[in-house]
Each structure stands twice: as C-alpha cells, then as structure tokens.
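Here is the structure we will look at.
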Amino acid sequence: MPSKKAPFPPKQPMHQLPKTPTGITGLDEITMGGLPTGRPTLVCGSAGCGKTLMSIEFIVRGAIEFNEPGVFIAFEEKAEELATNVASLGFDLNELQQQKKIKIDYIHVDRSEIEETGEYDLEGLFIRLNYAIDSIGAKRVVLDTIESLFSGLTNQSILRAELRRLFQWLKNKGVTAIITGERGEKTLTRQGLEEYVSDCVILLDHRIINQISTRRLRVVKYRGTTHGTNEYPFLIDEDGISVLPVTSLKLDKPVSSDRFPSGIPALDKMLSKGGFFRGSSILVSGTAGTGKTSMAASFCNEACLRGEKCLFFAFEESPAQIIRNMRSIGIDLQKHVDKGLLKFYASRPTLHGLEMHLVAIHKAIKNFKPDMVVVDPITNLITIGSVSDVKSMLVRLIDFLQEEQISVIFTALTLNLVVNEQTDEGVSSLVDAWLLIRDIELNGERNRGLYIMKSRGMKHSNQVREFVISDDGLDLIDVYIGPDGILTGSAREAQVLMEETGQVLHTHAVDFKDRELLRKRKVLESRIESLKSEFESTEAELNKTYIEDAIKKDVLQQNREKLSNLRGKSFYDIDTTKSKNKKSKK
Amino acid sequence: MTNKDDAIDWDTDNEQTYELRLFVTGTSPASVRAINNLHVILEQHLKGRYELEIIDVYQQPLLAKSEDISAIPVLIKKAPRPVRRLVGDMSDENKVLRGLGLL
C-alpha cells in the first residue's frame, strides 16, 4: 500500500526545521513552534527591554514544562542576583539548581584586573560551558550577554574568531541556545553578533508613547521557517513574559447559533432570531448620556438571571457607582455580585498601557471564565493609545473572546453628532452587532432613538425605536411617524393625547346627533298626534252638523205630525211619516 | 635576606613570595608558549620568590568555574595583592612585568 511508505505524519515532513518550544506565552505561536532546535538564537534589544528575563524564562520553562535542563551563563549578573531578580516571577532558581534542572554560571571579565600579554583564546569558557552542559545533560543554553567580553578583553580579532567558534561549537553540541546582545546604533547588536548567529534573530524593543511604555517583540529573521513578521507587544508581569499575537493568523473560530436575549424584550423583537448569537460581539455606541452603560448592564443582568457568569470591565465608573446607578433603573446587580455571577474589574485606563490592559483582561477572563464580558467604554482607552493601537488591541480582544465563545458587549462614545456611521475606534466592522443610540432633538427636547445598525446572520428591524429609560428598566417604544415626521418623547405623548381628545370630541358629536334625531322624532310624533286630534275634532264637527240636521229634521217631522194630528190627519199619512223618521235616525 | 630590624625597608615588596597560578589547556600552542615565556620572565625577575602552579583546565574543569576562567592561557597573581589576571601567551614581557607589579 502506498500510504504505508510514509511513516512520518504529514504535519512533520522530514525537511521541516525542528523547533523547541519556549513556553513563553505567545512566543511559540509567533515563531510557529518555538526556537530552532540545536541552533543559536539571537535576542537583541536595548537596555531594560527584557532580554535577560526572556532568556531565563526560556531556561526555567524548559526545565519545568518540557523537562529540558538548561544552562544559563551570565556575564552581567551574579547567580544570586539573578535568582533574586526572577524570584518575583515565581521562579526558584536555587531549588532548580539543586534539582540539577538548571545550572547558572557567572562569568566575570573585568578589564581593570586583566593584562593582556599576548595571544589567547576563550577555551576556558568552552570548558566551563561544556562541563555545565554535560553535568546536567542540558538541552538549552543561554549566554547573557556575551558582548560583555568585548568590554573586558580588547583583542577584537581574537574575540570575533572565538565567538564564531563558540556558535559553531554550540551547534555541534546540539543545544538550543539564546544569545543576548545589546542593541547597537545601526546594527542589531553593538558587536554585530547577528553576523555569527544567523538562524533566528528576535528583536525586543521598549518604546514610550504618551508617557506609557510598550514593549514590542519582532522576529527579524528565522531561517528555514515561516513566522509572524509583525511587531508584537509583550509585557512582563508576575507570570513572566506574555507576547500577544496582534491578530490570530487564521479565521477558523467555532461559531454558535445559540441565541441569548438582551434583557429588553422589545429589542429582541427587533431581531428575527429573538436575540443575539452566543459568542458574538455587540457594540453599543452613542453620544454621552444615551444609556450605553444601562444597556450593557441590562445585558449583564439578563445573563446573570439565566445563571451565566458575567465579567464587567469598567474603565469609567467604579463598581459601586455602577451598582448604585443601575439600581435607579430597577436593575439590581448587587445580588449577582453576591452570588458570584457578576464580577467587576475596574481600572483607570491610564493605569497602564493598552497591552497591559489587554493582558489584564485576558487574565481576568481566563480566571473567571465568564459567559459574557462587558467593556465599558472602549472609548476611554483612546486616552492611552493611538486609534490604531486601540483598534489593534480590540481586534485581538474580540479574537480571543470569539475563540473562547464568550459574548462581548462594548460600549463606545461617539463624539461627533453628525458623522456617527463610524465609531472612533473603527471597530464597527469587527463586531457582529451594532446598536446605535442616537439623540433625537425635537421641540427643545432630547430623546433617545435606537437603531440596529447591523446584526450579522439575522434579519433585523430597520426602524428607529425610542429608547426609554424608566424606573422599571429599559424599554423600546415605537416612535410616532406622522405627517410631520418622527415624533418622540413629549411630542409623541402630545400627539397621543391629541388623538385621544379628537376621539372624545367625535363621540360627543355623534351622541349629540343621536339626541337631535330623537328629539325630531318626538316633535314629529307630537305633530302627528295633534293633526290626528284636529282631524277628530273636524270629524266630530261634521258629525255634529249631520246629527243636528237629522234632529232638526226629526223635530220638524214630529212637529209636522203633531200639527197634522191636531188637524185630524188620515191614517195612511201617519204611517209614512213614522217610517221616514226611523230611517233618518239610523 | 635583609635585616628585619631596619627602620626603613624599601624592598619589602620584593621580598614577598609571589603566588602564581597559570591556567592552560593541555598542550595547545598558546599554552606551551605561555609556560615557556613565563618561566623565562620569572627566572629573570623573581628568581626564588615565586610559587607557580600550572593547572590544566581540561583536567580540572571545576577550577575553571571557581577561578572564573574564560580566556586562556591566564596567569592569576594571588599574592601579593591586588589580584591580577594576565591573559595571553606572555609574549609581551613589559605587560607581564606590569601585570606582576614589577614595573
């Protein structure tokens, strides 16, 4: 089978340069595995930039973490001084020496004691080095700072020849070595050591910008392998050196399609998925006093109510202040703090440089392992670094948080009222969702309008909502869109009132008409009644004349009969008059 | 031998015994030259007033550490004080003498 022909795993082809991990946070990522195994590496930089520390950390971590004993040849500091200096980092050099894991040798060359009387070589150094390496089986060697020899001995040609021999000897010995060198005026090192050590050169730098110092590291060259070529900020703290890759080189982070609500139901309704994606970054930007912190606190509160852990980085207010202020809008953060779900990390931005902040944030996150992180506000960081510095820091922070699947809420203060399509830090392109709170000024009143500028991966409402902060918390209200445009605040209230008034008037008018109709009907009915009675009276009148006529006739007839009787009238005539009378009576 | 009771003895230093240690590496050319040159100089200027110990660092690497040896050959003048180190093959006689405090 053809596949059996290659016993080497594909990750490690035969020709690939073997590397020795340094164990220094971040450095192994930049160098893609560490320093070249069995070859010398030059670490150069100006005074106080951390050369010695980096090399001692290489030795100590090698001994502790990788079980590779190391030899440290110090030309500048005595072994005891060195042990004291790094004790603050938690490295116990004396104990490691006793365990035969490391060996420290102090080589001192003092010009005032020395008289050069002819040719010599540095065989003594070789012998000591050899002895030290062999006595503990060292795999790592540090020479710090070998250039001190140049100040003690004057014969340059001998020294150079011997150094060349030394580096060759180290290679033959197969130890991974770090040689430190002081930065020169035009060259990387004062004595041009880079001529001899050409496999890997790391340059350390210490710059002060705006009174805040930043250490940087750059891999100047690394023969036979790819490496990060940027300048990477690094810092030295109680855990040693931490190098922070500016950006992770790949974009292959896992993503989650879980969603979490914001704590403002109306806001969730504006998003088609009913919330934001877990592990996404949300930027809340707005002008001063638009409620950015309140919004962030609301996210926080909701997360804690779900039982998630939340870490709040406050760069503006103290935790007590935030808790007090949020209580006024009905958000009780104190109980979350008591439960240990919420933790504040407050510091003034000017406390230390951006890198230090970033590392502090990294550390706090690694220790607390939160599900959500709030950084409030990122704008304050601008006071301690340039815009591009802040941006690069935020890129790395977002990068790191996405890797850890931690949702993050940034708040940013936008200073310019007109141009707010971009935040000052230009992070809007980095974040997954962007909420913009904008002041809407109308009728001498300032109201807050909330826009969802973007929300990756979900449909979202394009409408402006009025962002209302009340005693009961935060809410979003649909703004009134009338013929005069958008109405907010009291104008909206007035409009609502006006509509209510109109309604009342309308009902009143309708009622009035109904009553009018009723009255008309009554009038009509009464008229009908009167006409009827008029008709009756007329009829009665008419009847009356008829009856009167009949009576009159009757009476006349009777009178006539009476008269005729009186005159002795015939029988026949009496009968006919009687019948006629009867008829008329009927 | 001078009289110890003399009130002024300008030659005390000269009378003191020199404690010298020469560190060499086997029979390397520089080491051999250093041994030869040193012998000549010492015989000439400090005859009978010195104790020279020649140490092969290859044989005793631990001494290299305790004596803080880097450049070789090296002659360490332990006494009289101050301690001086003379590096090289001792071919420059003036410098050797100055290093030993004889000039």
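The values are calculated or read from the model by the stated rules, or taken from the named source; none is laboratory data. This one's a predicted model, so the numbers in the text were calculated from it and none came from an experiment. Cβ sites come from the backbone with ideal geometry, for glycine too, and all protein chains shown count toward neighbours. With ligands, DNA and RNA removed, areas are computed over all heavy atoms of the protein, side chains included. Shrake-Rupley method; radii C 1.70, N 1.55, O 1.52, S 1.80 Å.
Things worth noting here:
- For region A:51-96, the extents of the C-alpha atoms along the principal axes are 26, 19, 17 Å, listed from largest to smallest.
- Note on region B:17-100: semi-axes of the ellipsoid equivalent to its C-alpha gyration tensor, largest first and rounded to whole Å, are 19, 15, 11.
- Cβ charges +1 (Lys, Arg) and -1 (Asp, Glu), total dipole of chain A, debye: 4260 debye
- For B:E67, net neighbour charge (Lys/Arg +1, Asp/Glu -1) across residues whose Cβ lies under 15 Å away: -1
- Considering all different alpha carbon pairs of region A:48-137, the Kirkwood hydrodynamic radius works out to 14.2 Å.
- Mean separation of Cα pairs under 8 Å and 6 or more residues apart, divided by the residue count, gives region A:462-501 a relative contact order of 26 percent.
- Model label sites at B:K78 and A:Q463, defined 7 Å from Cα along the beta-carbon direction, differ in position by 9.8 nm.
- Peptide B:79-89, shielding by other chains (average Cβ, 10 Å cutoff): 5
- Placing a label point 7 Å from the Cα of A:S388 along the Cα-to-Cβ direction, the residues of region A:212-230 whose backbone N falls under 15 Å of that point are A:230.
- Contact residues in region B:60-77 by the 50 Å² criterion (accessible area, 1.4 Å probe, full protein complex versus chain alone): B:P61, B:K65, B:D68, B:S70, B:I72.
- Computed log10 I(q)/I(0) for region A:259-478 at 0.07, 0.11, 0.12, 0.17 Å⁻¹: -0.19, -0.48, -0.58, -1.26, from the Debye equation with unit scatterers placed on every C-alpha and solvent omitted.
- Pairs of Cα atoms nearer than 8 Å and 6+ residues apart set the relative contact order; for chain A it is 12 percent.
- Of the beta bridges in region B:17-100, as assigned by DSSP with both residues counted there, near 55 percent are antiparallel.
- Under a model in which nothing but the beta-carbon of Lys, Arg (+1) and Asp, Glu (-1) is charged, region B:17-100 shows a dipole of about 300 debye around its Cα centre.
- Accessible area of region A:478-528 belonging to carbon and sulfur atoms, whole % at 1.4 Å probe: 63 percent
- Sulfur and carbon atoms: percent of accessible area, region B:17-100 [1.4 Å]: 48 percent
- Counting DSSP beta bridges with both ends in region A:259-478, the antiparallel % (nearest 5): 45 percent
- The reciprocal of the average 1/r between distinct C-alpha atoms defines the Kirkwood hydrodynamic radius, which for the protein assembly as shown equals 34.3 Å.
- Angle between chain A longest axis and helix A:489-566 axis [Cα atoms, degrees, rounded to 10]: 10 degrees
- With a threshold of 26 Å on the Cα-Cα distance, the over-threshold entries among A:K221/A:K363; A:K339/A:K369; A:K292/A:K369 are A:K221/A:K363.
- Spatial separation of Cα centroids for region A:114-168 and region A:449-510, in angstrom: 81 Å
- The spread of Cα positions in region A:150-274, taken along each principal axis and listed from longest to shortest, comes to 80, 38, 27 Å.
- Chains A and B together, accessible area buried on both sides, 1.4 angstrom probe, square angstrom: 2200 Å²
- Average beta carbon contacts from partner chains per residue of A:162-173, 10 Å cutoff: 0
- Amide hydrogen proximity for A:I146: with H placed 1.01 Å from N in the peptide plane, the residues at 5 or more positions away or on another chain lying under 5 Å are A:T180.
- Taking region A:466-565 and dividing mean pair separation by its residue count, relative contact order in percent (alpha carbons under 8 Å, at least six apart): 10 percent
- Sorted largest first by accessible area at a 1.4 angstrom probe radius, with every protein chain in place, the residues B:R81, A:R396, A:R223, A:R183 fall in the order B:R81, A:R223, A:R183, A:R396.
- Candidates per trypsin sites (Lys or Arg not before Pro) in region A:436-493, loop by DSSP, up to 14 other Cβ within 10 Å: A:R456, A:K459
- Solvent-accessible ranking of A:V43, A:V510, largest area first, probe 1.4 Å: A:V510, A:V43
- Summed over the residues of chain A and divided among them, the accessible surface reaches 51 Å² per residue at a probe radius of 1.4 Å.
- With Cα atoms, 0 to 90° folded angle of helix A:51-65 axis to chain A main axis: 80 degrees
- Relative to the longest principal axis of the Cα atoms of chain B, helix B:29-45 runs at roughly 10 degrees.
- Geometric descriptor of region A:91-168, per residue, is 109 Å³ (volume of the convex hull of the Cα atoms).
- Across peptide A:122-134, the mean count of Cβ atoms from other chains lying within 10 Å of each residue's own Cβ comes to 6.
- Note on region A:86-217: Cα Rg divided by 2.2 N^0.38 Å, N the number of residues, gives 1.20.
- Full-stretch length increase - A:E445, A:I209 - with 0.36 nm per residue and alpha-carbon distance subtracted: 80.7 nm
- Amide H contacts of A:G38: A:T176, A:A177, each under 5 Å away and 5 or more positions distant or on a separate chain (H built 1.01 Å from N in the peptide plane; Pro and chain starts excluded).
- Cross-link partners of B:K95 among aspartates and glutamates, defined as those whose alpha carbon lies under 15 angstrom from its own and excluding same-chain residues fewer than eight positions apart: A:E113, A:E115, A:E116, A:E119.
- In order through region B:83-94: 3J(HN,Hα) via Karplus (6.51 cos²θ - 1.76 cosθ + 1.60), integer Hz, x for Gly, Pro: 5, 10, 10, 10, 9, x, 8, 6, 7, 8, 4, 4
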